[in-house]
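Have a look at the structure below before the remarks.
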Amino acid sequence: MPYYLPAGMATARQWESAMAQENNDVYHIIDRIKDAANILDLDDWLVHKLCSVKMEWASDIEVRMDDGSLREFRAVRVWHRSPHTDKPHKGGLRYHPAVNVEMMKGHAMEMSLKCWLLGIKWGGAKGGVAVNPRELSAQELKKVTEALVEAMNERNILGPFRDVPAPDIGTNATVMNWIRQYYARLRRSREDARFAGVVTGKPIGEDLDGIPGRTEATGYGLVQVLNKILDVYGKDRNGCEVKVMGFGNVGAHFAKFAVEAGYKVIAISDEHGAIHSPSGIDVDKLWQYVYDNPNNTLRSVNGYADASGINHEEFMSLKCNVFVPAALENVIDKNNADVIGDNCEFVLEGANGPTTNRADDILERHNVIVVPDILANAGGVVVSYFEWAHNVNIRDDRVPMADKDAVLAAMSDMLHKATTQVTSRAEQLDTNLRKAAYVVSIERAKPHFEAKHLA
């Protein structure tokens, strides 16, 4: 089947050169879309749509620091091309020094696929600011956020029915609340008052408009997907040994709920170190050590007394049943995939894009079952959808009352159904779960693209 080269790539040689970049996120996603397109025998025009973006925006934002100096920070936002033009684009907002447009393109595409897989009619988006939030005071961070909102508002990017950010690496509910407040201040006289819907992941409380369960949704959802996957493959969860890379919001909540569900978490790592306990880590005690300990300024698992400290190489080579990368993208690559493949049965992708395409191929040769990010960590976007629906008064039978138990139960139901659909499609097509997830997702979006194409 003929295939459209991405914009700016005039020759197949340029394409092959780009594909050779092991850690280029957008080409990982495009290559995976291409695989699904071949399975579905899609028309060229639709492949081109799926592999393109609708908007890429970048701007330097200027902020006055506490010492009176002015600093500039690069801000970016990308929208994937979506057929749901009456619905917003949705995706995380990241504060991290490595933020750039090219990185965000792949994440925006992946976000579309995640939404479509779960039956949510949103387009994908992703963006952020190239800044290390740990180096800023709270007041400086708020000024960065307000400068970002002002710059995006000037370009008419933000809005409850245009672009709805959510927390990502380096941001949290407080940042989302700052966005909501400043957006309302800028827009109050210019459109209706559904300002709460401009972001999700907001704080819980009176007039704050967050939804209970959003903070723990991704970690809790990972456990629900893992439970279903192990049932499908006839594995017993009790005593199933798990290691987790990352102890931020996703990794920490996953570890907590995994232990409650009967899994044994034997190792946890973060950017500063790793710990190991063959008998299982007491995650509640570790949580206190990391998050409730004023002496632990790095918020790291490193130095935790009730487990052995190990280095990164030792962590990666530990035997386990399930490996959960819940940190940054591209942490599983061609250099470590063989080691991982020799030492685990399942990879459950808690982070977005943690596995490169080369690593995928290696893991498959080792018969490792990779549960892809667009399924595994979709709990967050599901509960974001519930929050947004409450904020803008959208009626949908899937949206529960704003009660934590009801929210997590409704989210779990959607994740279980999607997991069943993906595993069934993988068996039908005799392919892996990632390709099956992409196929199911694109199949859902295809009629909407076709309707617009023929209009």
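The values are calculated or read from the model by the stated rules, or taken from the named source; none is laboratory data. Computed from a predicted model, the values in this text were never measured in an experiment. Don't worry about glycine lacking a Cβ; one is built from the backbone with ideal geometry, like all the others, and counts go over all protein chains shown.
Would you mind finding the one in VAL368, VAL439, VAL382 that is β-branched (Val, Ile, Thr), out of contact with any His (no Cβ under 6 Å at 6 or more places or on another chain) and closer than 30 Å to VAL198 by Cα?
VAL382
Answer yes or no: is there a residue in the stretch 256-278 that is charged (D, E, K, R), assigned by TED's automatic domain parsing to the domain that holds VAL371, assigned to a helix (DSSP H, G or I) and modelled with pLDDT of 95 or more. Walk me through it before giving the result.
Residues of the stretch 256-278 that are charged (D, E, K, R), as a first pass: 256, 260, 264, 270-271.
Now narrow it down to the ones that are assigned by TED's automatic domain parsing to the domain that holds VAL371: 256, 260, 264, 270-271.
Subset that is assigned to a helix (DSSP H, G or I): 256, 260.
Now drop any that are not modelled with pLDDT of 95 or more, which leaves 256, 260.
Yes, the stretch 256-278 contains at least one residue that is charged (D, E, K, R), assigned by TED's automatic domain parsing to the domain that holds VAL371, assigned to a helix (DSSP H, G or I) and modelled with pLDDT of 95 or more.
Specify which of the listed residues (ASP270, ASP284, ASP306) is touching a strand residue (DSSP E or B) at 6+ places or on another chain (Cβ under 9 Å), closer than 21 Å to THR218 by Cβ and charged (D, E, K, R). Give the derivation first.
On the way: ASP284 fails: touching a strand residue (DSSP E or B) at 6+ places or on another chain (Cβ under 9 Å); ASP306 fails: closer than 21 Å to THR218 by Cβ.
Of the residues listed, the single one that is touching a strand residue (DSSP E or B) at 6+ places or on another chain (Cβ under 9 Å), closer than 21 Å to THR218 by Cβ and charged (D, E, K, R) is ASP270.
Of the conditions (1) surrounded by fewer than 23 Cβ atoms within 10 Å (Cβ to Cβ); (2) in contact with a helix residue (DSSP H, G or I) (Cβ under 8 Å, 6 or more places away or on another chain), GLY350 fails just one. Which one is it?
Failed condition: (1).
Scan the stretch 142-171 residue by residue and report those that are free of Cβ contacts under 8 Å to residues at least 60 places away in the same chain, surrounded by 22 or more Cβ atoms within 10 Å (Cβ to Cβ) and part of a helix (DSSP H, G or I).
Correct list: THR145, VAL149.
Being touching a helix residue (DSSP H, G or I) at 6+ places or on another chain (Cβ under 7 Å) and among the polar types (S, T, N, Q): is that true of THR145 here?
Details: touching a helix residue (DSSP H, G or I) at 6+ places or on another chain (Cβ under 7 Å): yes; among the polar types (S, T, N, Q): yes.
Considered against the rule, which asks whether it is touching a helix residue (DSSP H, G or I) at 6+ places or on another chain (Cβ under 7 Å) and among the polar types (S, T, N, Q), THR145 comes out as yes.
Here's the yes/no breakdown for (1) in a loop (DSSP other than H, G, I, E, B); (2) in contact (Cβ under 8 Å) with a residue 24 or more places away in the chain:
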| position | (1), (2) |
| --- | --- |
| LYS285 | no, no |
| TYR289 | no, no |
| ASN293 | yes, no |
| ASN302 | yes, yes |
| LYS319 | yes, yes |
| ALA327 | yes, yes |
| ASP342 | no, yes |
| GLY350 | yes, yes |
| GLY353 | yes, yes |
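I want to confirm something. Restricting to the stretch 425-455 and keeping residues that are without any contact (Cβ under 8 Å) to a residue 12 or more places away in the chain and part of a helix (DSSP H, G or I), which single residue is nearest to the chain's Cα centre (by Cα)?
Let us first name the residues in the stretch 425-455 that are without any contact (Cβ under 8 Å) to a residue 12 or more places away in the chain, namely 426-428, 430, 447, 454-455.
This time we only want the ones that are part of a helix (DSSP H, G or I), so: 426-428, 447, 454.
On the way: ALA426: 22, GLU427: 26, GLN428: 27, PRO447: 25, LEU454: 33 Å.
The selected residue is ALA426.
Going through the stretch 111-141 one residue at a time, which ones are crowded, with 20+ Cβ neighbours inside 10 Å and charged (D, E, K, R)?
Within the stretch 111-141, LYS114, LYS126 meet the criteria.
Just need a number here: residues in the stretch 355-367 that are over 9 Å from HIS28 (Cα atoms) and assigned to a loop (DSSP other than H, G, I, E, B).
Of the residues in the stretch 355-367, 2 are over 9 Å from HIS28 (Cα atoms) and assigned to a loop (DSSP other than H, G, I, E, B).
Listed here are the residues, each with its yes/no results for (1) touching a residue at least 24 places away in the same chain (Cβ under 8 Å); (2) crowded, with 19+ Cβ neighbours inside 10 Å; (3) among the acidic types (Asp, Glu).
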| position | (1), (2), (3) |
| --- | --- |
| GLY213 | yes, yes, no |
| GLY221 | yes, yes, no |
| ASP231 | no, no, yes |
| GLY234 | no, no, no |
| VAL250 | yes, yes, no |
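Condition check ((1) modelled with pLDDT of 95 or more; (2) assigned by TED's automatic domain parsing to the domain that holds ASP168; (3) surrounded by 21 or more Cβ atoms within 10 Å (Cβ to Cβ)) across all residues:
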site: TYR4; (1), (2), (3): no, no, no
site: ARG13; (1), (2), (3): no, no, no
site: ALA37; (1), (2), (3): yes, no, yes
site: VAL76; (1), (2), (3): yes, yes, yes
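Go through the stretch 185-203 and count every residue that is free of Cβ contacts under 8 Å to residues at least 12 places away in the same chain and of a type in the set (A, V, I, L, M).
As a first pass, look at the stretch 185-203 and keep what is free of Cβ contacts under 8 Å to residues at least 12 places away in the same chain: 185, 188-190, 192-193.
Those still in the list that are of a type in the set (A, V, I, L, M) too: 193.
Counting residues in the stretch 185-203 that are free of Cβ contacts under 8 Å to residues at least 12 places away in the same chain and of a type in the set (A, V, I, L, M) gives 1.
Tally time: how many residues in the stretch 172-199 are assigned to a loop (DSSP other than H, G, I, E, B) and out of contact with any Gly (no Cβ under 8 Å at 6 or more places or on another chain)?
Of the residues in the stretch 172-199, the ones assigned to a loop (DSSP other than H, G, I, E, B) are 172, 188-194, 199.
Next, only the ones that are out of contact with any Gly (no Cβ under 8 Å at 6 or more places or on another chain) stay: 188-190, 192-194, 199.
So the count comes out to 7.
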